[in-house]
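Colleague: Mind having a look at this structure? Questions to follow.
The values are calculated or read from the model by the stated rules, or taken from the named source; none is laboratory data. Since we're looking at a predicted model, the values are computed, not measured. In this analysis, Cβ positions are derived from the backbone assuming ideal geometry, glycine residues included, and neighbour counts consider all displayed protein chains.
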């Protein structure tokens, strides 16, 4: 990603040295969506509301059921189908700040299966977060976003979402 911006690879790598330790908030989650009573399903009903992720990137390993949609630049949600043997990479909010909006965070949601289909959905999401103490500033040298410590940004987003520290 850094090379695509004509930056040294270390720009992003150096801020992710402590993944797997207490100094980094990266998490792996299994996202299980149970079956639903298909008689209660309305067209385009959501399993998970629209949102963006907080960190640098999210690696999504999807099962074949589908349902994931991403907001495109025209403001329309489009399907992000599961392709066997691949990993979906979502840009997250902190990476958008870091790159001064060159890489744009992926707003996404998950739809319920259509009426008559009561299938479950399972995916794994690896939410990659820079090291807690990493200072994130615009890598193009601009002041589009003020510098922020990674952990402070993450905690402020949790507070916005959940109303707690």
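Colleague: Cβ contacts < 8 Å: first residue over 30 Å from residue 134 (Cβ atoms), restricted to region 17-40; second residue at pLDDT 95 or above and assigned to a loop (DSSP other than H, G, I, E, B), any location; separation 6+ or different chain. Result?
Modeller: From region 17-40, no pairs qualify.
Colleague: Let me ask something else. Scan region 14-34 and give yes if some residue there is modelled with pLDDT under 90, assigned to a loop (DSSP other than H, G, I, E, B), over 29 Å from residue 138 (Cα atoms) and in contact with a strand residue (DSSP E or B) (Cβ under 8 Å, 6 or more places away or on another chain), otherwise no.
Modeller: no
Colleague: Also, I was wondering about something else. Can you name the residue in region 1-13 that is out of contact with any helix residue (DSSP H, G or I) (no Cβ under 8 Å at 6 or more places or on another chain) and in a loop (DSSP other than H, G, I, E, B) and is also surrounded by the most Cβ atoms within 10 Å (Cβ to Cβ) among such residues?
Modeller: 7
Colleague: Test residue 87 against the stated conditions and say whether it is over 26 Å from residue 162 (Cβ atoms), touching a strand residue (DSSP E or B) at 6+ places or on another chain (Cβ under 6 Å) and in contact (Cβ under 8 Å) with a residue 24 or more places away in the chain. Spell out the reasoning first.
Modeller: On the way: over 26 Å from residue 162 (Cβ atoms): yes; touching a strand residue (DSSP E or B) at 6+ places or on another chain (Cβ under 6 Å): yes; in contact (Cβ under 8 Å) with a residue 24 or more places away in the chain: yes.
When the stated conditions are applied, residue 87 passes them.
Colleague: Going through 130, 147, 114 one at a time, which residue ends up being closer than 19 Å to residue 16 by Cβ and either modelled with pLDDT under 95 or under 17 Å from the mean Cα position of the chain (by Cα) (or both)? Give the derivation first.
Modeller: On the way: 147 fails: either modelled with pLDDT under 95 or under 17 Å from the mean Cα position of the chain (by Cα) (or both); 114 fails: closer than 19 Å to residue 16 by Cβ.
It is 130.
Colleague: Limited to region 119-150, what total is found for residues that are in contact with a helix residue (DSSP H, G or I) (Cβ under 6 Å, 6 or more places away or on another chain) and either surrounded by fewer than 15 Cβ atoms within 10 Å (Cβ to Cβ) or free of Cβ contacts under 8 Å to residues at least 40 places away in the same chain (or both)?
Modeller: Residues flagged as in contact with a helix residue (DSSP H, G or I) (Cβ under 6 Å, 6 or more places away or on another chain) and either surrounded by fewer than 15 Cβ atoms within 10 Å (Cβ to Cβ) or free of Cβ contacts under 8 Å to residues at least 40 places away in the same chain (or both) within region 119-150 amount to 0.
Colleague: With over 25 Å from residue 7 (Cβ atoms), within 16 Å of the chain's Cα centre (by Cα) and in a strand (DSSP E or B) as the only criterion, which of 124, 59 stands out?
Modeller: Being over 25 Å from residue 7 (Cβ atoms), within 16 Å of the chain's Cα centre (by Cα) and in a strand (DSSP E or B) holds for just one of 124, 59, which is 124.
Colleague: Going by the structure shown, is residue 157 touching a helix residue (DSSP H, G or I) at 6+ places or on another chain (Cβ under 9 Å), part of a helix (DSSP H, G or I), surrounded by 14 or more Cβ atoms within 10 Å (Cβ to Cβ) and modelled with pLDDT under 95? Full working, then the answer.
Modeller: On the way: touching a helix residue (DSSP H, G or I) at 6+ places or on another chain (Cβ under 9 Å): yes; part of a helix (DSSP H, G or I): yes; surrounded by 14 or more Cβ atoms within 10 Å (Cβ to Cβ): yes; modelled with pLDDT under 95: yes.
In short, yes.
Colleague: Which of the residues spanning region 35-56 are farther than 23 Å from residue 154 by Cα and not in a helix (DSSP H, G or I)?
Modeller: The answer is 35, 36, 37, 41, 42, 43, 44, 45, 46, 47.
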